[in-house]
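J.: Following this message is one structure expressed as structure tokens.
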Amino acid sequence: VWDVVGKIPGSELPDEWVVAGNHRDAWVFGAVDPGSGTVAMLEAVHGIGGLLAQGWKPRRTMYFCSWDAEEEGLIGSTEWAEEHAKQLAHAVAYINTDAAVSGSRFEASAVPSLKQFVREVTMEVASPKGGSVYEQWKKDQLEAGARRHPGREVEVQMSSEVRVDDGGGGSDYTPFLQH
């Protein structure tokens, strides 16, 4: 099992970690999971690299992790999380990108403490369909609700927040929550 881990030391809070990860093994061809997640994470690394070249430094330590053996039982991420358990006690966030892109609709899942953050970020990102990602996400959720309940009035107000799903299990964020 080979994990590939890149570290960018934090300039102000080096003991606080932000960890982004994605596995690179798949049951079959892996176009969505983990292929799209790998591409998204590598593009984030590329962008961060450009910022570093311009002299930017992150406040917190950042880790970008390509996990091995996720499909065989979360081995790469679990072993790394267990090995770094003391340091991870000060981790700020773990961002998992297994299936970053699939289909034409935005969806997200998060732990409860990050759900509002996800909503706020999507309010700032432009949607290719017009407006913000948040606005399109809300519209898609309302339309999906109407399709699930044809002929019945759906009790969803336009002023309500979008639903951010809870994370399930069986992915590399699991050891960061469980340990």
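The values are calculated or read from the model by the stated rules, or taken from the named source; none is laboratory data. Please read all numbers here as calculations on a predicted model, not as lab measurements. Virtual Cβ from ideal backbone geometry, glycine too; neighbours counted across all protein chains shown. Each accessible area value is taken on the protein alone, full model and side chains, heavy atoms only, with ligands, DNA and RNA left out. Shrake-Rupley method; radii C 1.70, N 1.55, O 1.52, S 1.80 Å.
J.: Among Asp165, Asp98, Asp140, which is the only one that is of a type in the set (Asp, Glu) and touching a residue at least 60 places away in the same chain (Cβ under 8 Å)? Spell out how you get there, then give the answer.
T.: Details: Asp165 fails: touching a residue at least 60 places away in the same chain (Cβ under 8 Å); Asp140 fails: touching a residue at least 60 places away in the same chain (Cβ under 8 Å).
One residue alone meets the criteria, Asp98.
J.: Still on this structure, please answer the following. Quick check on region 44-55. Is at least one of its residues without any contact (Cβ under 8 Å) to a residue 40 or more places away in the chain and among the β-branched types (Val, Ile, Thr)?
T.: Among the residues of region 44-55, at least one is without any contact (Cβ under 8 Å) to a residue 40 or more places away in the chain and among the β-branched types (Val, Ile, Thr), which makes the answer yes.
J.: Separate question: Only one of Met41, Met123 is in contact with a Phe, Trp or Tyr (Cβ under 9 Å, 6 or more places away or on another chain), aliphatic (A, V, I, L, M) and farther than 25 Å from Gly10 by Cα; which?
T.: On the way: Met41 fails: farther than 25 Å from Gly10 by Cα.
Going through Met41, Met123 in turn, just one is in contact with a Phe, Trp or Tyr (Cβ under 9 Å, 6 or more places away or on another chain), aliphatic (A, V, I, L, M) and farther than 25 Å from Gly10 by Cα: Met123.
J.: Condition check: more than 14 Å from Tyr173 (Cα to Cα), at pLDDT 90 or above and not acidic (Asp, Glu). Does Ile95 satisfy that?
T.: Values: more than 14 Å from Tyr173 (Cα to Cα): no; at pLDDT 90 or above: yes; not acidic (Asp, Glu): yes.
Spelling it out, it is not the case that Ile95 is more than 14 Å from Tyr173 (Cα to Cα), at pLDDT 90 or above and not acidic (Asp, Glu).
J.: Which of the residues belonging to region 1-43 are at pLDDT 95 or above, β-branched (Val, Ile, Thr) and more than 14 Å from Gly76 (Cβ to Cβ)?
T.: Within region 1-43, Ile8, Val18 meet the criteria.
J.: Residue by residue through region 76-103, note down the ones that are of a type in the set (D, E, K, R) and surrounded by 19 or more Cβ atoms within 10 Å (Cβ to Cβ).
T.: Within region 76-103, the first condition is being of a type in the set (D, E, K, R), and the residues that meet it are 79, 82-83, 86, 98.
The answer is Asp98, and nothing else.
J.: Let me ask another. When you look at Phe106, is it without any contact (Cβ under 8 Å) to a residue 40 or more places away in the chain, assigned to a helix (DSSP H, G or I), surrounded by 12 or more Cβ atoms within 10 Å (Cβ to Cβ) and within 14 Å of the chain's Cα centre (by Cα), yes or no?
T.: Numbers: without any contact (Cβ under 8 Å) to a residue 40 or more places away in the chain: yes; assigned to a helix (DSSP H, G or I): no; surrounded by 12 or more Cβ atoms within 10 Å (Cβ to Cβ): yes; within 14 Å of the chain's Cα centre (by Cα): yes.
The answer is no for Phe106.
J.: Then there's this: Has region 130-149 got any residue that is assigned to a loop (DSSP other than H, G, I, E, B) and modelled with pLDDT of 90 or more? Steps first, answer last, please.
T.: First, the residues of region 130-149 that are assigned to a loop (DSSP other than H, G, I, E, B): 130-131, 149.
Within this subset, residues satisfying the condition of being modelled with pLDDT of 90 or more are 130-131.
Yes, that holds for at least one residue.
J.: Mind counting the residues in region 113-131 that are under 25 Å from Val92 (Cβ atoms) and open to solvent by less than 80 Å² (accessible area, probe 1.4 Å)? Break it down stepwise before answering.
T.: Taking region 113-131 first, the residues under 25 Å from Val92 (Cβ atoms) are 113-125.
Still in the running and open to solvent by less than 80 Å² (accessible area, probe 1.4 Å): 114-116, 118-119, 121-122, 125.
Adding up the residues that qualify gives 8.
J.: Please work out if Trp80 is assigned to a loop (DSSP other than H, G, I, E, B), among the hydrophobic types (A, V, I, L, M, F, W, C) and over 17 Å from Gly35 (Cα atoms). So that I can check it myself, show each step before the final result.
T.: Numbers: assigned to a loop (DSSP other than H, G, I, E, B): no; among the hydrophobic types (A, V, I, L, M, F, W, C): yes; over 17 Å from Gly35 (Cα atoms): yes.
No, not satisfied.
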